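Data first, discussion second: the structure below is written as structure tokens.
Throughout, read-outs are computed from the coordinates displayed, never taken from laboratory work. All of these numbers come straight from a predicted model, not from anything done at the bench. In this analysis, Cβ positions are derived from the backbone assuming ideal geometry, glycine residues included, and neighbour counts consider all displayed protein chains.
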Amino acid sequence: MTNKIHLCEDALFQKVITPPLEEFQDYKIKPTNYMIQDVGENFLLHRELSEGESSQSKEMMSRYEGKMYVFLYNFPSEEEALQAIHSYWNAIKQLNSFEK
């Protein structure tokens, strides 16, 4: 399998997906940003690491616009990557519902 760091260098586009702040404003647990990279027929999903957070797998990490991201999954389409992000955000909402 190709090293993810090399795939990041060949990205056709990269975009950061940020959560809608108004939806999570009053929540204790906040969602993170994600990055999608289009590398042709693959859409790589990465999660932004919070400050001080590290990853066990250094080869799965990349830097974009001064932020560190860890690779999560390789999707066949951008739409599927976006669905995964929204699923993660919905899980954060469910976790926060236990805090009330």
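Let me confirm the definition first: pairs of Lys residues in the chain, 8 or more apart or on different chains, C-alpha distance under 25 Å. How many are there?
Total qualifying Lys-Lys pairs in the chain comes to 16.
Based on the Kirkwood radius over alpha-carbon pairs, what is the Stokes-Einstein translational diffusion coefficient of the chain at 20 °C with 1.002 mPa s viscosity, in µm²/s? Please list the in-between numbers first.
Working: Rh = 14.3 Å.
In µm²/s, the coefficient is 150.
Starting from a Cα-only point model with no solvent, please compute log10 I(q)/I(0) by Debye for segment 35-89 at q = 0.26 1/Å.
-1.07
Only Lys, Arg, Asp and Glu count, each charged at its Cβ (+1, +1, -1, -1), so figure out the dipole size of the chain about its Cα centre, rounded to 20 debye.
360 debye
According to a simple spin-label model (label point 7 Å from Cα along Cα-to-Cβ), what is the distance in nm between TYR64 and ILE17?
Each label point is offset 7 Å from its Cα along the Cβ direction, giving 1.1 nm.
Could you work out the relative contact order of the chain? I mean the mean sequence separation of Cα pairs under 8 Å and 6+ apart, divided by the number of residues, in percent. Kindly include the intermediate steps, with their values, before the conclusion.
Numbers: 142 pairs, mean separation 27.2, N = 100.
Value for the chain: 27 percent.
With charges only on Cβ, +1 for K and R and -1 for D and E, what is the dipole size of segment 24-67 about its Cα centre, in debye, rounded to 20? The partial results should precede the final answer.
Details: 6 positive and 8 negative charges, 36 e Å.
In debye, rounded to 20, segment 24-67 gives about 180.
Relative to the longest principal axis of the C-alpha atoms of the chain, give the angle of the C-alpha long axis of helix 78-97, reported between 0 and 90° and rounded to the nearest 10°.
It is inclined by approximately 30 degrees.
Of HIS86, VAL70, GLY52, which is farthest towards the positive pole of the chain's charge dipole, taken about the Cα centre with +1 and -1 on the beta-carbons of Lys, Arg and Asp, Glu respectively?
Looking along the dipole axis, the top candidate is GLY52.
Can you compute the FRET efficiency between ASP26 and SER77 using 1/(1 + (r/R0)^6), with r the Cβ-Cβ distance and R0 = 22 Å? Round to the nearest 0.05. Each step should come with its number before you reach the end.
Working: r = 33 Å, r/R0 = 1.51.
That pair, ASP26 with SER77, gives E of 0.10.
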